[in-house]
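The values are calculated or read from the model by the stated rules, or taken from the named source; none is laboratory data. Nothing here was measured: the structure is a model prediction, and the numbers come from that model. We place every Cβ from the backbone using ideal geometry, glycine too, and count neighbours over all the protein chains shown. Remember, those area values only see protein heavy atoms, side chains included, never the ligands or the DNA or RNA. Shrake-Rupley method; radii C 1.70, N 1.55, O 1.52, S 1.80 Å.
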Amino acid sequence: MAQKNYVTNSETETAAIARDLAARLQAGDVVLFYGSLGAGKTAFIRGLLEYFDSKIEVTSPTYTLVNVYPSKPQIFHFDLYRLRKPEELLDI
């Protein structure tokens, strides 16, 4: 498993990195990323969807825990911020 660290200074830069990554993704790939509230995680998802030419409105799943974007390929955006233990992910 490859890990890369990126630092960006704007939503535009974050979305650009996501578009670059999206070009290299294959069916079934899982992308995990971590950041504090307001770090740009949703901007990253927006960039992924832009690459796949999706016009779907992107929102943070902070309260819903998961957003499913019916793009091609389908993208699942989980927010694990409120989960207390890993087993709770199985309930989603």
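For this structure, a couple of remarks:
- Complete set of residues in segment 48-61 that are open to solvent by 50 Å² or more (accessible area, probe 1.4 Å), within 13 Å of the chain's Cα centre (by Cα) and among the β-branched types (Val, Ile, Thr): THR59
- Meets criteria (of a type in the set (Ser, Thr, Tyr) and modelled with pLDDT under 85) for SER10: no
- Any hit, segment 62-73, residues being surrounded by 12 or more Cβ atoms within 10 Å (Cβ to Cβ) and of a type in the set (D, E, K, R): no
- In segment 4-27, the residues that are touching a residue at least 40 places away in the same chain (Cβ under 8 Å) reach residues that are open to solvent by less than 90 Å² (accessible area, probe 1.4 Å) with C-beta atoms within less than 7 angstrom, at least six apart or across chains, in these pairs: ALA27/PRO73.
- Among residues of segment 23-47, those that are of a type in the set (A, V, I, L, M, F, W, C) and over 11 Å from the mean Cα position of the chain (by Cα), counted: 5
- Residue-level check: of (1) open to solvent by 70 Å² or more (accessible area, probe 1.4 Å); (2) over 20 Å from SER71 (Cα atoms), ALA27 misses just (2).
- Set GLU11, GLU87: member being open to solvent by 100 Å² or more (accessible area, probe 1.4 Å) and under 15 Å from the mean Cα position of the chain (by Cα): GLU11
- The C-beta contact set for segment 71-88 (first residue within 29 Å of SER54 (Cα to Cα), second residue at pLDDT 85 or above and open to solvent by 50 Å² or more (accessible area, probe 1.4 Å), distance under 6 angstrom, 6+ apart or interchain) comprises SER71/PHE52; PHE76/VAL68.
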